[in-house]
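Read the figures in this text as sums done on the coordinates, not as results from a lab. Keep in mind it's a predicted model, so treat the numbers as computed, not measured. Quick reminder, even Gly has a Cβ in these numbers, built from the backbone with ideal geometry, and neighbours come from all protein chains shown.
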Amino acid sequence: MLRPYATSLVVLLLASLLSAGCASVEPDWNIEPDASSPDTDAPDSGQPDLGLPDADPTDVGEDADAAPEDDADTTEPLPCDGLCGPNEQCRDEVCVDLCDEAGFVCGDHTLSGQAVSCGSCDLGACQEGQCVDVCGEVGAECGDIYIDGTRYSCADCAGGERCAPNNLCVADQNFVDLSAGAEHTCALRPNGQVRCWGRGDDGQLGNRAYSGSQFPTASFNIDGALQVSAGNFHTCALMGDNRVRCWGLNAQGQLGTGTTNNANQPMAVTSLLDVTHISAGGNHSCARTSLGLVRCWGFNAQGQLGGGNLTATLSKINVQNQGGGNFDQVVDISLGNNHSCALRTSGEVWCWGLNDKSQLGVSGTQGATTPRQVFNLPASRRISAGYDHTCALTLDGDVYCWGRNDNGQLGRGTSGSPGLAQRVNLPADAVDVAAGWLHTCAALVDGSTHCWGDNARSQLSRASTLGDSASPISVPLLEEVYRVAAGRYHSCALSTSGEAFCWGAAENGQLGDGTQGDANNVRITPVQVAP
């Protein structure tokens, strides 16, 4: 409804237009409304209605009384001529960054007819407007590298590390632990990375390849590992979150993934938590939990999983006591080819699985599907299971061995029939022992290394023509050794300076020095593993 004052306004406008002969005129918006005509509409609020208009007469339409929306943009674009940066261009009064528009982060370019400089790369090279990690592409972690004659500076190593000649950051202590498989070797670095070398056709190096390496190669996506264990043809690592990853041969489910598919990169072991120690054997694996229990998986034809049966399964098996219940109070475990052993808090050693060579340390050759205590063995602090024999390091620093002795691997001065636990005659107390396939090595308190048993490929560090040795012989050129490892035909040692040395068979690169040995594919004397 038109109010009275509005009606008067309309009449005046029409009259003005008619008098002008419908000529175009500017209306006089200053016309006062007819105040004598009262506003008969109800007031809009509780205040008295003074008869004044409710809005500016120019505000017409159904939204005339609506207030502007809060988020309405009432600003006008400002002219940008002369105000844009060197990499910007003015378009529709807006400065447009040409580098951002093209998605470039580095380099000099001509974009939209204008020369621009999109910045530089802190590391690496600029290629097609993008920073490319050329160091990472060639596997260089540190130092300077040259590509097509151009020098690139890679990152600096972290504190406590140094840049090796191969442009890798290595700790001042290169390695802190090592483990030998049948024909490959793995070592743990202080930062928790795992390096493996040697035979790799089953993926046991974990470097996403099914081929070997004569140099240490990084196992993929392993960082923060606490322990590494090399089995015959597979490898496992204990991670910082107390979970386990395994890789390599998986024909018997030894990787613990619930399948029998081989893996050339680390795979998470399923249904296994809170692990504090691991061991990889012939075709099976075991883990010790924080509760002192042992869980095993993989091949079980000889009862080596310790569950009280010979049933094949891809599941994890809790090792059982002979009379039932979980086998507990375990502090260390070690696996052989078809048998397993555990060290308990009491210092007792218990073994289970195949016993055809007395590798369980009990009378007779009857195998066991649950643990049996080793006879005639003093309290021990470390154990090592070889292919068909086993050794223990006692609290007094003595080494005792039992099982197969065809090649003198028990170190008792004679070879031949298998035997129960008996002390090895060493010139000094031992600090570590490693049982390989058919030979054994020990690190002594004076820093020396001694080996005995099979010498077919110079794994005792003497010419193979000299034959086996049923008594320990000293390995030359090694000092301050505190850790030893023994594989099929090769041996390794770790010094207190973090340097690793290997000797013996080299045809698969298992010595890690970048060669396949001499003309006979062996190294009689120890060679240093490349960092």
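Let me check I've understood the local charge: for L249, count other residues with C-beta under 10 angstrom from its C-beta, Lys and Arg +1, Asp and Glu -1. What total comes out?
-2
State to the nearest 20 debye the size of the charge dipole of region 173-528 about its Cα centre, where the only charges are +1 on K and R beta carbons and -1 on D and E beta carbons.
For this selection, approximately 580 debye.
Apply 1/(1 + (r/R0)^6) to the Cβ-Cβ distance of S346 and R91, taking R0 = 60 Å, and write down the FRET efficiency to the nearest 0.05.
0.15
Can you give the charge dipole size of region 337-485 about its Cα centre, rounded to the nearest 20 debye, using +1 on the beta carbon of Lys and Arg and -1 on the beta carbon of Asp and Glu?
Here region 337-485 has a charge dipole of around 300 debye.
So, in nm, how far is label S271 from label A312 when the simple model puts each one 7 Å beyond its Cα toward the Cβ?
1.7
Sorting R381, R91 on the 10 Å Cβ count, fewest up front, what's the list?
If I rank by nearby Cβ atoms, fewest first, I get R91, R381.
Calculated FRET efficiency, N326 and A379, Cβ-Cβ r, R0 25 Å, to nearest 0.05?
So the FRET efficiency works out to roughly 0.65.
What ranking of H109, H184 emerges when the number of other C-beta atoms within 10 Å of each C-beta is taken as an exposure proxy, fewest first?
In increasing order of surrounding Cβ atoms, one gets H109, H184.
May I ask you to compute the full-extension gain from D133 to E101, defined as 0.36 nm times their residue separation minus their alpha-carbon distance, rounded to one decimal in nm?
Stretched fully, the D133-E101 segment lengthens by 9.2 nm.
Any chance you could get the radius of gyration and Dmax over the Cα atoms of region 445-485, in Å?
Values for region 445-485 (Cα only, Rg and Dmax): 10.4, 30 Å.
Specify which residue in the list A125, H109, V94 is farthest towards the positive end of the charge dipole of region 88-131, using unit charges on the beta carbon of Lys, Arg (+1) and Asp, Glu (-1), about the Cα centre.
A125
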